[in-house]
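For reference, the structure discussed in these notes is given below.
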Amino acid sequence: MKSTVSIFDSTLRDGAQGHGIAFSVEDKLGAARLLDALGVAYIEAGNPGSNPKDEEFFKRAGAMKLEHARLSAFGSTRRKGLRPEEDENLKALLKAQTPCCTLFGKAWRFHVDWVLETTPEENFAMIEESCRFLKSQGREVIFDAEHFFDGWKDDPAFALEALEAAARGGADLLCLCDTNGGAFPEEVKAAMEQVRARFSLPIGVHFHEDCGMATANSVAAVRTGASQVQGTLLGFGERCGNANLSAVIGDLQCKLGFTCIPQEKIKLLSSTARALAAIANWELPHGLPYVGADAFSHKAGMHADGVLKTPRSFEHIDPYLVGNARRFPASEISGRAVMLEKIRRAFPDISLDAQSARQVLADLKDLEAGGYQFEGADASFELLVRKRLKPFPPFFELLYYHIYSDYGSGKAGASATVKVRVGEEIQLMAAEGNGPVNALDRALRKALEVFYPVLADVKLTDYKVRVLDSNSATAAGVRVLITSSVHSGESFTTVGVSGDVVAASWKALEDSMEYLLLKAGQQAPAGE
């Protein structure tokens, strides 16, 4: 039976140092609840001595009732020449009133000489006295040995003495930090063996991704005796990021048998990753291990056909264990069996040899030859299938649209007029927007909501344009992807292609409206 590994999530502190990441206090509170629900052991929520936002968070976090996680405040050892009780940073750590404090100190002689500009003896005293001070106030103390692996490679005795100082001060856990992200697994293993031979205290590790080794180093450290892994759930953080805990948890718990979070929580890994990415306003990479949308995506016909026969042939674990799902992106290189699998989602009784199924494949190839791509546009793909296999009356018919672009007083804008026929009625609507597509979307929505009020529930959340032939410059065709969402949180993506960006956008908008109306069970009005 493998042992338990404590997961220490630093998304709200180290992760917040990543480029483009900015959490409000409300964001941090929401993220903390998510991480607690996932079952992580520690949430490092910020440095209360560094900024008013973190101070405000800790004030409000005291009222939170966490089921699994212990909140930790982060800060440095006392400043040189001061007593611990005089140090403002240590005072701020106590004021945060978290049950745990994470204290960082120097484990690299180079930093002591050139950054702190003090003596080794003073550095070790700063570590020991700060740990002892926080312990005397009833706090659990995790000591982060900053730059440990660089320090160990440069002067092992000095790096180990920094750990000794923390242990003498009463630290509960010694964390070995690869602050520069330059360590490799064999170095981690050698250092861990020395540390484990010398200390009986629990050992944690904290790796950065600068060499692309953070996950591998974390796993190597655990296999050599580390009992805690620090990182961020999605891997973002300063520079190249931190150890990606969603991958670390997947590797250790699903592959190696360690317990990182409660077993019943492992199925929440993917949904928690998506929810946390939304809070951070960060696009979750599709290829992120275990939790990305494409982590179990099979495009090549041979691979997809194999997975349909026996998933083990091309999947290292069952995606449903981590709350993900296998995907078969619609593509011209996908096999017939894959297309049939996607078609069966809408029409369970269709036969592989059915003429209609073969026609769908032919339609798909013709459209992709013209620039369409249905990967990531499953809503348009489903509409294509439905219109071929089970045609439905059109919900509306476009009679025309006009776009007017305006620019004046340094401000750009547009207005659109849309005329549609719904059953026997004709509706004309106009709207303004911050651009032609936004104006067109608003005008179409206003025209259709008269007949289909359910459309008030949908909003356009993402818009992407891809030039298909850059050699044609402004005459190039474009592919437009539009993502829409409803209040329930469900989202879907549609695609349109044309030599005219507005026409391509119209096609994607039209598909999005039709798809939502189908899913909502709406009925098209009877015609003449």
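Below are the figures for this structure:
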item	result
At 1.567 mPa s and 4 °C, Stokes D of the chain from Kirkwood alpha-carbon radius, µm² per second	49
Neighbour-count ranking [beta-carbon atoms within 10 angstrom, fewest first] of Trp282, Trp114, Trp152	Trp114, Trp282, Trp152
Sequence-separation-based contact order of the chain, relative, with Cα cut under 8 Å and 6+ spacing, percent	9
Anchor Lys464: lysines whose Cα lies under 24 Å away (excluding residues fewer than 8 positions away in-chain)	Lys299, Lys365, Lys411, Lys446, Lys507, Lys519
Inter-label distance for Ala503 and Lys189, nm, one decimal - labels placed 7 Å from Cα along Cα-to-Cβ	6.2
Simple spin-label estimate for Asp366 and Lys255 in nanometres, 7 Å along Cα-Cβ	4.5
If the convex hull is drawn through the Cα atoms of segment 6-279, its volume per residue in Å³	116
Gained length - Lys80 relative to Glu283, 0.36 nm times residue gap less alpha-carbon distance	68.9 nm
Inter-probe distance in nm under a simple model that places probes 7 Å from Cα toward Cβ, at Glu88 and Lys153	3.6
Residues Tyr401, Tyr463, Tyr372, Tyr320 arranged by fewest to most Cβ contacts within 10 Å	Tyr320, Tyr463, Tyr401, Tyr372
Reach of Lys2 by Cα under 26 Å, taken over lysines that are not fewer than 8 positions away in the same chain	Lys189, Lys255, Lys265, Lys267
Long-range amide H partners of Gly181 with built H, under 5 Å	His208
Nearby lysines by direct alpha-carbon distance to Lys59 (threshold 19 angstrom, same-chain neighbours under 8 apart not counted)	Lys28, Lys91, Lys95
Extension gain (nm, one decimal) between Phe347 and Asp318, 0.36 nm per residue minus Cα-Cα	7.9 nm
Nearest-0.05 FRET efficiency for Ser485 and Asp406, computed from C-beta distance (R0 35 Å)	0.75
Compactness relative to 2.2 N^0.38 Å, alpha carbon Rg of segment 397-519	1.08
Sorted peptide list for 446-452, 386-392, criterion being average Cβ within 10 angstrom, highest first	446-452, 386-392
Over the chain: helical MRE at 222 nm, DSSP H runs n ≥ 4 each giving -39500 (n - 2.57), nearest 500	-11000 deg cm²/dmol
Bins of 5 Å from zero: percent of alpha-carbon pairs in segment 93-192	2, 15, 25, 23, 17, 12, 5, 1, 0
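Any read-out appearing in this document is the output of simple, stated calculations on the displayed coordinates, not a laboratory observation. Everything numeric in this text was worked out from a predicted model, so none of it was measured. Cβ sites come from the backbone with ideal geometry, for glycine too, and all protein chains shown count toward neighbours.
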